[in-house]
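Novice: Pasting a structure here, questions to come.
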Amino acid sequence: MKGNMKALVSYAPYDNRLEETGIPSAGPGELVLKVLGCGICAGDVKSYHGGIRIWGTSEENRYIEAPVTGGHEFFGEVAEAGEGMGEYKTGDRVCAEQIAPCGECDFCRQGKYWMCTGSAVYGFKQHIQGGFAEYIKLHKNSIIHRIPDTFTNEQAVLIEPIACGMHAVELADIRHDDVVVIAGLGAIGTSMVNLARLCLPKMVIGIDIKEFRLDMGRKYGADYVLNPAECNVAEEIHRLTGGDGCDVYIEASGSPRSVSQGLESLKNHGRYVQMGVFAEEVKADWNVIGDGKELSIRGSHLSALTFHSVIEGIESGLIKTDGLISHSFELKDWEKAFRTAEEEPAAMKVMLVP
Ligand SMILES: [Zn+2]
Ligand SMILES: [Zn+2]
């Protein structure tokens, strides 16, 4: 397309620049969207701080192809549809899943596209620039979803993070007799309380160190909320379960000490799901897993065939979104937005509006 746009480009840790750049054009199989909103992920904040998962320890193991426009929690309206994309009309509101799979690796061929070994997540690679910009080009391999007319901009931005939470909850195989613990009540964790509740388990417990988030957890259906800064969480969970411990512990905080806390809180044969991303290596007593409790440890990565269910769930009202977007900033105020996401005690998901 003709003209220029503003884009927030990541050059290096602590070096994001709001730049003027050309608006992309849609080639065959591609769409160009006018971005209407893009959420700031914990991963974006960690990337800004030079997170090792993203910047690696050297050029060789670096994930991010900088300089690149960030942002993978975007949605927008179609501004240009490339050849073969005639089903999309100008103004249609859509989002794309955060990964543009290669389509050729074993995982892609088996339909497990979220584990694509090419791992191309929007906002980290040159060929899939992100949504912290006025326009974004959707790569031809993108998995595109239409956004219902009834959705607010906030709800549209929440689709991606909630889809990641739904994947983690699905991996927990929640049964009706289960006590489920969600550790970390950010926007995703709080939504996971909602999603876990929809499985009708015996009890849902939320954990966070911020009072505001504990309130959100309660509002979203947690039977109990616990603050590790104020109590011994594992002891409390044992007390609340008559000494047994919990059946499921979903780690969504990215705090290393939450891992041991989870292993301690689980009962024999419990399921531990790792969803949060750590900034550092984690130490824990692995004997608890094998010789102790025979636990199942499961990892959760991105979202897996969950976007459609999240969209239907929000549309039907089963999936709540109230208050999950706590702040919205214009793209030019990105610094303030990142700081808010990181430091503001009442921050949940913060979004940027170009
Ligand atoms: Zn994200
Ligand atoms: Zn692949």
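Novice: Which entries in Lys210/Lys336; Lys219/Lys336; Lys46/Lys332; Lys2/Lys89 show an alpha-carbon gap greater than 22 Å?
Specialist: Too far apart for the 22 Å limit: Lys219/Lys336.
Novice: Solvent-accessible area of Ile144, probe 1.4 Å, all protein chains present, reported in Å² to the nearest ten, please.
Specialist: 40 Å²
Novice: Let me ask you something else. Where the accessible area of segment 163-299 is counted over protein heavy atoms with a 1.4 Å probe, how much of it, in %, is carbon and sulfur?
Specialist: Values: 2990 of 6120 Å².
So the carbon and sulfur contribution to the accessible surface is 49 percent.
Novice: Rolling a 1.4 Å sphere over the protein heavy atoms, what is the accessible area per residue of segment 230-285, to the nearest Å²? Write down the numbers at each step before the final one.
Specialist: Values: 2680 Å² over 56 residues.
Ligands and nucleic acids excluded, the figure is 48 Å² per residue.
Novice: Here's a follow-up. Restricting to the chain, compute how many DSSP beta bridges are antiparallel as a %, nearest 5. Present the calculation step by step, with values, prior to reporting the outcome.
Specialist: On the way: 34 of 60 bridges.
DSSP beta bridges in the chain are roughly 55 percent antiparallel.
Novice: At a probe radius of 1.4 Å, what is the per-residue accessible area of Trp55, in Å² to the nearest 10?
Specialist: 10 Å²
Novice: Follow-up question, since we're still on this one. To the nearest 20 debye, what is the magnitude of the charge dipole of segment 102-213 about its Cα centre, counting +1 on the Cβ of each Lys and Arg and -1 on the Cβ of each Asp and Glu?
Specialist: Details: 11 positive and 12 negative charges, 43 e Å.
The calculation lands at about 200 debye.
Novice: For Lys6, list the aspartates and glutamates whose Cα falls under 14 Å from its own Cα; do not include residues on the same chain fewer than 8 positions away.
Specialist: Candidates past the 8-residue exclusion: Glu19, Glu20, Glu134, Glu330, Asp333.
Novice: Which value in Å is the Kirkwood Rh of segment 49-117 over different Cα pairs? All intermediate terms of the calculation are to be shown ahead of the outcome.
Specialist: Values: mean 1/r = 0.0665 Å⁻¹.
Computed over Cα pairs of segment 49-117, the Kirkwood hydrodynamic radius comes out at 15.0 Å.
Novice: Also: With runs of 4+ DSSP H residues as the only contributors, calculate the mean residue ellipticity of the chain at 222 nm using -39,500 (n - 2.57) per run, divided by the residue total and rounded to the nearest 500. Don't skip to the answer; put the middle values down first.
Specialist: Working: 10 runs with 91 residues, N = 354.
Helices in the chain give a 222 nm mean residue ellipticity of -7500 deg cm²/dmol.
Novice: Next question. Mind jotting down the distance between the C-alpha centroids of segment 124-201 and segment 316-353, whole Å?
Specialist: Measuring centre to centre over Cα atoms gives 15 Å.
Novice: Jot down the radius of gyration and Dmax of segment 68-222, Cα atoms only, both in angstrom.
Specialist: 17.8, 52
Novice: Roughly how many nanometres apart are two label points built 7 Å out from the Cα toward the Cβ at Glu65 and Leu305?
Specialist: It works out to 2.9 nm between the two label points.
Novice: How far apart, in nm, are two points set 7 Å out from the Cα along the Cα-to-Cβ line at Asp244 and at Asp215?
Specialist: Those two pseudo-labels are separated by 3.3 nm.
Novice: Within the chain, which whole H helices from DSSP have a Cα span along their axis of at least 15 Å and a mean Kyte-Doolittle hydropathy of 0.5 or more, if any? Write out the running numbers ahead of the final one.
Specialist: Values: long enough: 153-171 (29 Å, 0.64); 187-197 (16 Å, 0.74).
Qualifying helices: 153-171, 187-197.
Novice: Still on this structure: At 1.4 Å probe size, what's the solvent-accessible area of Ile297? Round to the nearest 10 Å².
Specialist: Per-residue accessible area (Ile297): approximately 80 Å².
Novice: Any chance you could list the semi-axes, whole Å, largest first, of the equivalent ellipsoid that the Cα gyration tensor gives for the chain, using √(5λ)?
Specialist: Details: eigenvalues 246, 86, 78 Å².
For the chain, the ellipsoid semi-axes come out as 35, 21, 20 Å.
Novice: Below 8 Å, C-alpha to C-alpha, sequence gap of six or more: please give me the relative contact order for the chain in percent.
Specialist: 17 percent
The values are calculated or read from the model by the stated rules, or taken from the named source; none is laboratory data. Predicted model only: the values in this text are computed from it and were never measured. Glycine also receives a Cβ, built like all others from the backbone with ideal geometry; neighbour counts cover every protein chain displayed. Ligands, DNA and RNA are excluded from the accessible area calculation, which covers all protein heavy atoms including side chains. Shrake-Rupley method; radii C 1.70, N 1.55, O 1.52, S 1.80 Å.
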